[in-house]
Amino acid sequence: MNISTPDLCDEYPDLVRIVEPMFLNLGGKDSFGGEIVTIKCFEDNSVVKETANSPGEGKVIVVDGGGSMRRALCGDLVAESAMNNGWAGIIIYGCIRDVDEISEMDIGMQALGTFPVKTEKRGIGDLNIPIEFGGVTFNPGEFVYADNNGIIVSSKSLS
């Protein structure tokens, strides 16, 4: 799916909410989008890993990692699981690692940055609750679209 967030903003100005610019496009797919599945966690990627290992059906995992720059909430193994399970992409309000490997994968990946240290696995995190970062609320079942221009959210499918 080739997505242009500027085109979607032009075509659906009343339907899109635009995330503040702070994300890096780090995956092998330059553009991606789909139905939102949310995760809220802090320096523990247990729920991210568990979700990546479940069927994705073209959906996008959106993670509120509290903006932490001290732990990577996704690495190459989690990204590969997500790709193999049909997820369109992952957006992380936090960091990832193994960026060279992830940049070669057929999955979308956006994050605030990279950090080489993995998280502790404590099994802590919430799945499919409303989360907020970048001036936007992400609700499970809504839709997110991301490319090199930015990230937008809509209550309705735009593609």
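The slack between residue 127 and residue 18, meaning 0.36 nm per residue of separation minus the straight C-alpha distance, is 37.0 nm. How large is log10 I(q)/I(0) at q = 0.12, 0.22, 0.26, 0.27 Å⁻¹ when the Debye formula is applied to the Cα atoms of segment 1-69, each weighted equally and without solvent? Debye output, listed in q order: -0.41, -1.23, -1.39, -1.40.
Pairs of lysines in the chain whose Cα atoms sit within less than 19 Å of one another amount to 9, provided the residues are eight or more positions apart or on different chains. Here the peptides 106-119, 10-23, 123-136 are ranked by packing, the mean other Cβ count within 10 Å, and the order with the highest first is 106-119, 123-136, 10-23.
In this Cβ point-charge picture (+1 for Lys and Arg, -1 for Asp and Glu), the chain has a dipole of about 520 debye about its Cα centre. Summarising the strand pairing of the chain, around 50 percent of its internal DSSP beta bridges are antiparallel.
The residues of the chain present an accessible area of 46 Å² per residue when probed at 1.4 Å with all protein chains retained. Kirkwood radius, the chain, all distinct C-alpha pairs, inverse of mean reciprocal distance: 15.0 Å. Taking the accessible area of the chain, probe 1.4 Å, and keeping the other protein chains in place, the carbon and sulfur fraction comes to 47%. Ranked from largest, the principal axis spans of the Cα set of segment 94-159 equal 36, 29, 21 Å.
Sorted from longest to shortest, the spans of the Cα atoms of segment 49-107 along the three principal axes equal 30, 22, 15 Å. Over all other residues within a Cβ to Cβ distance under 12 Å of residue 130, the charged ones net out to -3, with Lys and Arg as +1 and Asp and Glu as -1.
The values are calculated or read from the model by the stated rules, or taken from the named source; none is laboratory data. Note that the structure is a prediction, hence the values are computed from the model and not measured. Glycine also receives a Cβ, built like all others from the backbone with ideal geometry; neighbour counts cover every protein chain displayed. Heavy atoms of the whole protein, side chains included, go into the accessibility calculation; ligands, DNA and RNA do not. Shrake-Rupley method; radii C 1.70, N 1.55, O 1.52, S 1.80 Å.
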